[in-house]
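Sharing a structure here in structure tokens format.
The values are calculated or read from the model by the stated rules, or taken from the named source; none is laboratory data. In this text the structure is predicted, and so the values were computed from the model without any measurement. Methodologically, a virtual Cβ is constructed for each residue, glycine included, from the backbone with ideal geometry; neighbour enumeration extends over all protein chains shown. Only protein heavy atoms, including side chains, enter the accessible area calculation; ligands, DNA and RNA are left aside. Shrake-Rupley method; radii C 1.70, N 1.55, O 1.52, S 1.80 Å.
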Amino acid sequence: MTPEELAAARDHLVDDVVADGLAVLFCGINPGLMSAATGHHFARPGNRFWPVLHRSGFTPRQLRPEEQGELPGLGLGITNVVARATARADELAADEFRAGGELLRAKVGRLRPRWLAVVGVTAYRTAFREPKARIGPQERAIGGTRIWVLPNPSGLNAHWTTESMAEEFGRLREAAFGPAGGGPGTGRTGTS
């Protein structure tokens, strides 16, 4: 991908990967330029979303970004807090996060996933006006949808290793699908 192609993807949108009644709807901060250029979520090399999703037991094998269409069959989906693509999340204003949070609440209300998993605590804090939120399950819910805040899988997030992220994602997987041995990666689903 050339720098010109990436630059041309600025402000483009990436379609959600969703269905009604998912077990977990993952919510990124906003698409990066590589995602907007390819049309695939978490497409930038170095982003750890796809490896972490597999290591935590959500998928039976490590999917590639272009295989994102397989997620709904596993009870999973992907959306974003802010729809427009940027090179970096710090290019987004707080007002965009808050407006995105309102749109996200409406989307969750329509789709009714069991869990909304926001990948990025700072984005969650701003979008949902929860300045003290921490990684993990939240008290807040949207209707019957519970919320879990996960670490941002960007390669820029040096505070979390792939292994420590997989452990946190695994806690959510267990909450959504039951104890180890059940879940989308195994073909067996538990109850939450």
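I need the full set of residues from region 139-172 which are in contact with a strand residue (DSSP E or B) (Cβ under 7 Å, 6 or more places away or on another chain) and either acidic (D, E) or open to solvent by 70 Å² or more (accessible area, probe 1.4 Å) (or both), in order please.
Those that are in contact with a strand residue (DSSP E or B) (Cβ under 7 Å, 6 or more places away or on another chain) and either acidic (D, E) or open to solvent by 70 Å² or more (accessible area, probe 1.4 Å) (or both): R140, R146, E168.
Condition first: loosely packed, with under 14 Cβ neighbours inside 10 Å and modelled with pLDDT of 95 or more. Can you find one or more residues in region 107-117 that meet it? Full working, then the answer.
Applying the first criterion (loosely packed, with under 14 Cβ neighbours inside 10 Å) to region 107-117 yields 109-110.
Right, trim to modelled with pLDDT of 95 or more and you get 109-110.
Yes, region 107-117 has at least one match.
For region 101-151: of the residues being in a loop (DSSP other than H, G, I, E, B) and basic (K, R), which is farthest from the chain's Cα centre (by Cα)?
First, pick out the residues of region 101-151 that are in a loop (DSSP other than H, G, I, E, B): 112-114, 120, 128-135, 143-144, 151.
With basic (K, R) added as a condition, the list becomes 112, 114, 129, 132, 134.
Details: R112: 16, R114: 14, R129: 19, K132: 20, R134: 16 Å.
That would be K132.
May I ask you to list the residues in region 52-98 that are under 17 Å from L22 (Cα atoms) and among the polar types (S, T, N, Q)?
T59, Q68, T79, N80
Within region 152-192, restricting attention to residues that are in contact with a Pro (Cβ under 8 Å, 6 or more places away or on another chain) and assigned to a loop (DSSP other than H, G, I, E, B), which residue is modelled with the highest pLDDT?
W160
For region 59-100, name all the residues that are among the polar types (S, T, N, Q) and either under 12 Å from A123 (Cβ atoms) or in contact with a strand residue (DSSP E or B) (Cβ under 7 Å, 6 or more places away or on another chain) (or both). First the steps, then the outcome.
Our first condition is that a residue be among the polar types (S, T, N, Q); within region 59-100, this holds for 59, 62, 68, 79-80, 86.
Across region 59-100, the qualifying residues are Q68, T79, N80.
Quick check: anything in region 84-98 under 22 Å from G178 (Cα atoms) and open to solvent by 10 Å² or more (accessible area, probe 1.4 Å)? Quick ask: steps written out before the conclusion?
Of all residues in region 84-98, those under 22 Å from G178 (Cα atoms) come to none.
The answer is no; no qualifying residue exists.
Note down all Cβ pairs under 6 Å where the first residue falls in region 20-31 and is of a type outside the set (S, T, Y), the second is modelled with pLDDT under 95 and open to solvent by 10 Å² or more (accessible area, probe 1.4 Å), and they're at least six residues apart or on different chains.
Hits for this filter: I29/A89.
Is it the case that some residue within region 23-38 is within 27 Å of R146 (Cβ to Cβ), open to solvent by less than 20 Å² (accessible area, probe 1.4 Å), of a type in the set (V, I, T) and touching a Lys or Arg at 6+ places or on another chain (Cβ under 9 Å)?
Scanning region 23-38, I find at least one residue that is within 27 Å of R146 (Cβ to Cβ), open to solvent by less than 20 Å² (accessible area, probe 1.4 Å), of a type in the set (V, I, T) and touching a Lys or Arg at 6+ places or on another chain (Cβ under 9 Å), so the answer is yes.
Grab the helices (runs of 4 or more DSSP H) fully contained in region 1-96, keeping just those with 1 or more residues being touching a His at 6+ places or on another chain (Cβ under 9 Å) and over 24 Å from W160 (Cβ atoms).
On the way: elements: 3-8, 33-38, 49-55.
Those helices (runs of 4 or more DSSP H) span 33-38.
Residue check: is E67 open to solvent by 30 Å² or more (accessible area, probe 1.4 Å), modelled with pLDDT of 95 or more and not small (G, A, S)?
no
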